[in-house]
Structures are given as structure tokens and as C-alpha cells.
């Protein structure tokens, strides 16, 4: 059911384009009736293009609109060739066929235009969102720089403190080492003195 509904719009577009073959070529008849009919046809083709873009997407919908336009032009050429008396075409020359084909191509182009407009609106909204994000990023860059500078300065202070503590500990270790060396030398001298005294007694 959903697929039938999705493809009903292209079928309606094909019917609208094909129905233009039965309109008069003179757009400015009395009271502009024929012009108003062309305007209504163009409006409905635009609406069909809009719906095709919303339901079938830009790529797949564009292919369908192109296929509908080409097929209606082909059917128009066949129709005029077989029923030239009805269309008052005594000579189905290339000029007459091109004129009828251009009417179909015009309405197909209106369908394309109906597909382009929502895409342009969507891209404009995306551009506005991107511009807002860019503005936010540009506003946050100075704050980020300040935070980075603060972090760097804090890390420098911490590293200097750690370095000072390490130097102080190194000094403590050197002092303890020299003290131990002095005590060891004193102990060696004491032992030598004891050994000397013990040897003299013997």
C-alpha cells in the first residue's frame, strides 16, 4: 500500500504532463482562461515535484521525474503521429513535434523545480545551523585559549614545586650520605686504633 502511494505522485505528474497535449497553444485567449489552466498545471507539477522529493528523495525521485518526462515526450510524439487530425497537425513535421515536446519538457522542468526548492530550503537551514555552530566555536576559542594558558601555567608551577622538592630530597640524601661516610670513616679509625692497642699489648 505504501509503495503504491509513493508511486502515485509520479503517475499523477505523468498524467498532468500528458494532459498538456490537449490544451491550446495560444496562452492568451479571451479572459486568459487557457493561461490560467497552464498556470494550474504548472502549480500541480511543482507540487508533485515537491512531494516526490519528500517521499522518494532527491536522487531516486530525480531519476523518476526524468523518466516520466522522457516517457511522456515519447508518448506525445507517438500520439501526434497517429492522431494528427485531432491535433490539427496536417504535417507531423519536426517543428510541430518539437513544439509539443517542449510543452512536456516545460512541465517536467517545473516538476524538477518543485524538487529543487525543498532541497534549497533544507540546505539553507543546514547552512544556518553550521553558521551558528561556527559562531559558537569562534566564541569558545578565546575561552579555550585562556583555559589552556591557565592549565599550562598551573602545570609549570606544579613541575617547579616537584623539581624543588626533588632537589631538596637530593640534598638530604647527599647530607645523609656524607654523614654515613664520616661515621664509617670514624668507625674504621676506631677499629684501627683498637687493633693497634691490642697488638701492642701482645
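The values are calculated or read from the model by the stated rules, or taken from the named source; none is laboratory data. Since this is a predicted model, take the numbers as computed values, not measurements. Cβ placement follows ideal geometry from the backbone for every residue including glycine, while neighbour counts extend to all protein chains displayed.
So which of 191, 147, 126 is in a helix (DSSP H, G or I), surrounded by 10 or more Cβ atoms within 10 Å (Cβ to Cβ) and either in contact with a strand residue (DSSP E or B) (Cβ under 6 Å, 6 or more places away or on another chain) or modelled with pLDDT of 85 or more (or both)?
126
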Residue check for residue 177: assigned to a helix (DSSP H, G or I), out of contact with any strand residue (DSSP E or B) (no Cβ under 9 Å at 6 or more places or on another chain) and under 30 Å from residue 49 (Cα atoms): no
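Could you identify the single residue in 89, 137, 117 that is closer than 30 Å to residue 37 by Cα, surrounded by 10 or more Cβ atoms within 10 Å (Cβ to Cβ) and at pLDDT below 85?
Working: 137 fails: closer than 30 Å to residue 37 by Cα; 117 fails: at pLDDT below 85.
Answer to the check: 89.
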Scope the stretch 33-73; condition surrounded by fewer than 16 Cβ atoms within 10 Å (Cβ to Cβ), modelled with pLDDT under 85 and closer than 18 Å to residue 103 by Cβ; matching residues: 33, 35, 36, 39, 40
Residues located in the stretch 6-26, provided they are farther than 18 Å from residue 115 by Cα, touching a helix residue (DSSP H, G or I) at 6+ places or on another chain (Cβ under 9 Å) and modelled with pLDDT under 80: 20, 21, 23, 24, 25, 26
